[in-house]
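Input: a single structure, listed below in structure tokens.
The numbers here are math on the coordinates, done by the rules we state, and not lab data. Here the structure is a predicted model, which means the values were calculated and not measured. Here the Cβ positions follow ideal geometry from the backbone for every residue, glycine too, while neighbour counts run over all protein chains shown.
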Ligand SMILES: [Zn+2]
């Protein structure tokens with residue numbers, strides 16, 4: 001079933017407002033058609049905008065969508081956010097320019113990104129407990 005873009009945006013806006021009232025961090029939430037090459041996904045950008053694909057919004061119920069948003073909000077609060085962004089830049093650069101990360105950097109990046117995701121999940125639980 002095709003859900004109009006405006007309906008997806010309204011639903012996202014309402015859930016983001018509910019979360020915003022319970023966190024001390026600025027963010028905006030927007031729906032997009034694609035993130036990189038996928039129609040299913042969510043991410044947070046350096047300007048504190050959280051983007052979620054419209055298709056992802058449409059398959060999630062309100063609680064699931066709140067959980068995704070809370071996870072992305074937690075990334076904004078992460079103490080390792082800058083290092084994680086640098087790690088993602090390393091990965092992107094290596095793919096764009098065709099170079100390989102050394103084994104030590106590869107391990108460090110993998111560990112850092114896992115730590116970042118576990119942190120975001122744990123903080124998302126804390127955020128959702130306040131809502
Ligand atoms: Zn994440």
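Some points to look at:
- Once you reduce segment 36-89 and segment 106-121 to the center of their Cα atoms, the two points are 15 Å from each other.
- Residues listed by number, segment 30-74, amide nitrogen under 15 Å from residue 17 label point at 7 Å toward C-beta: 30
- Nearest-ten-degree value, helix 62-77 long axis tilted from longest Cα axis of the chain: 40 degrees
- For the chain, the longest principal axis of the C-alpha atoms and the axis of helix 103-130 are separated by about 20°.
- Reduced Cα scattering model of the chain, Debye log10 I(q)/I(0), q = 0.12, 0.14, 0.18 Å⁻¹: -0.50, -0.67, -1.00
- Beta bridge orientation in segment 3-76: antiparallel %, DSSP, nearest 5: 45 percent
- Bridge type composition, segment 5-130 - antiparallel percent by DSSP, nearest 5: 45 percent
- Mean ellipticity per residue at 222 nm, deg cm²/dmol - from DSSP H runs of n ≥ 4 across the chain, formula -39500 (n - 2.57): -21000 deg cm²/dmol
- In plain terms, the chain from residue 35 to residue 112 could stretch by 25.5 nm, reckoned as 0.36 nm per residue minus the Cα-Cα distance.
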